[in-house]
Amino acid sequence: MDKGEEYHVLKGIDLEMRETEFFALMGPSGSGKSTLLNIIGGLIPASSGSVNIDESELADLTDNELTEIRRNKVGWCFQDFNLIDNLSALENVVLAMNLAGKRGSDVEQRGKELLEAVGLGDRIHHLPDALSGGQQQRVAIARSLANNPTIILADEPTGNLDSQTGKEIIDLFKQLANSGKTILMVSHDIALAHAAQKVFILRNGRVEEETDANKEEL
Ligand SMILES: Nc1ncnc2c1ncn2[C@@H]1O[C@H](COP(=O)(O)OP(=O)(O)O)[C@@H](O)[C@H]1O
Ligand SMILES: [Mg+2]
């Protein structure tokens with residue numbers, strides 16, 4: 001591709017997600033799933049179109065306002081967990097709050113509560129290395145919740161987990177959706193994706209809702 005030439009990965013995408021909704025996004029490798037998550041999360045700007053989180057239109061925000069949204073409205077989970085190796089589970093969660101300018105004993109207390117809520121109350125001082133993959137993803141989920149986001153974007157969060165552990169992580173996302181979060185999860189695993197309320201397929205730059213007719217083609 002020549003320098004400066006635009007390559008349109010995503011076209012005509014129209015998605016509306018509400019509180020308490022849990023969506024899965026599937027699609028072939030390279031179809032733009034991560035790109036779409038990065039746009040929704042305000043990490044990269046869309047070359048056209050609009051993204052709104054709560055009342056904010058991302059394209060209209062100043063850099064500071066956008067940073068604020070990224071910190072406080074969006075939580076992320078990744079395939080490889082992205083924990084900081086030399087920080088304990090609790091310190092990883094607390095760091096996310098520190099980065100959003102929150103400090104003090106409340107922050108530590110909240111970190112403990114979040115880790116308890118994801119079933120890791122007895123592992124808060126463990127380093128990531130001393131935790132299983134599923135436990136590390138639970139820490140990452142606790143961290144994603146640290147600043148009480150509106151939406152959680154999870155990019156293949158079960159990709160490194162065995163199917164039983166993956167299912168447990170999905171159950172946790174379901175529980176979070178029930179408690180009022182919006183979850184958008186990329187998954188290659190058809191069985192896990194079907195635990196979501198709605199499955200979207202991204203193909204040739206467009207998102208369609210999964211139907212019986214298109215589900216076999218992936
Ligand atoms: N920063 C970038 N600059 C140019 N092309 C990119 C960039 N990031 C991803 N792409 C391309 O965009 C397409 C979609 O990538 P990606 O969103 O990572 O797909 P997926 O997550 O579905 O596998 C791919 O063709 C990829 O090579
Ligand atoms: Mg990807």
| If you go through the stretch 29-37 one residue at a time, do you hit one that is open to solvent by less than 20 Å² (accessible area, probe 1.4 Å), more than 16 Å from ligand 1 (Cβ to nearest atom), within 27 Å of S179 (Cα to Cα) and not in a loop (DSSP other than H, G, I, E, B)? | no
| field | Filter pass, G75 being more than 16 Å from ligand 1 (Cβ to nearest atom) and part of a strand (DSSP E or B) | value | yes
| Residue count, the stretch 195-218 (criterion: within 16 Å of ligand 2 (Cβ to nearest atom), open to solvent by 10 Å² or more (accessible area, probe 1.4 Å) and not in a loop (DSSP other than H, G, I, E, B)) | 3
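Yes/no matrix, rows are residues, columns are (1) surrounded by fewer than 17 Cβ atoms within 10 Å (Cβ to Cβ); (2) in the same structural domain as N52 (by TED's automatic domain parsing); (3) over 15 Å from the mean Cα position of the chain (by Cα); (4) within 22 Å of N38 (Cα to Cα):
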| residue | (1), (2), (3), (4) |
| --- | --- |
| L90 | no, no, yes, no |
| N98 | yes, no, yes, no |
| P128 | no, no, yes, no |
| T182 | no, yes, no, yes |
| request: Scan the stretch 41-60 and give yes if some residue there is within 24 Å of I201 (Cβ to Cβ), within 16 Å of ligand 2 (Cβ to nearest atom) and in contact (Cβ under 8 Å) with a residue 40 or more places away in the chain, otherwise no. | output: yes
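Return yes or no: is E16 away from ligand 1 (no atom under 16 Å from the Cβ), in the same structural domain as K198 (by TED's automatic domain parsing) and modelled with pLDDT under 95?
Working: away from ligand 1 (no atom under 16 Å from the Cβ): yes; in the same structural domain as K198 (by TED's automatic domain parsing): yes; modelled with pLDDT under 95: yes.
In short, yes.
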| request: Specify the residue that is nearest to ligand 1 (Cβ to nearest atom); the eligible residues are those in the stretch 19-28 that are open to solvent by 10 Å² or more (accessible area, probe 1.4 Å) and under 15 Å from the mean Cα position of the chain (by Cα). | output: E21
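The values are calculated or read from the model by the stated rules, or taken from the named source; none is laboratory data. Just so we're clear, the structure is a prediction, and the values are computed from it rather than from any experiment. We place every Cβ from the backbone using ideal geometry, glycine too, and count neighbours over all the protein chains shown. Keep in mind that these areas ignore ligands, DNA and RNA; they rest on the heavy atoms of the full protein, side chains included. Shrake-Rupley method; radii C 1.70, N 1.55, O 1.52, S 1.80 Å.
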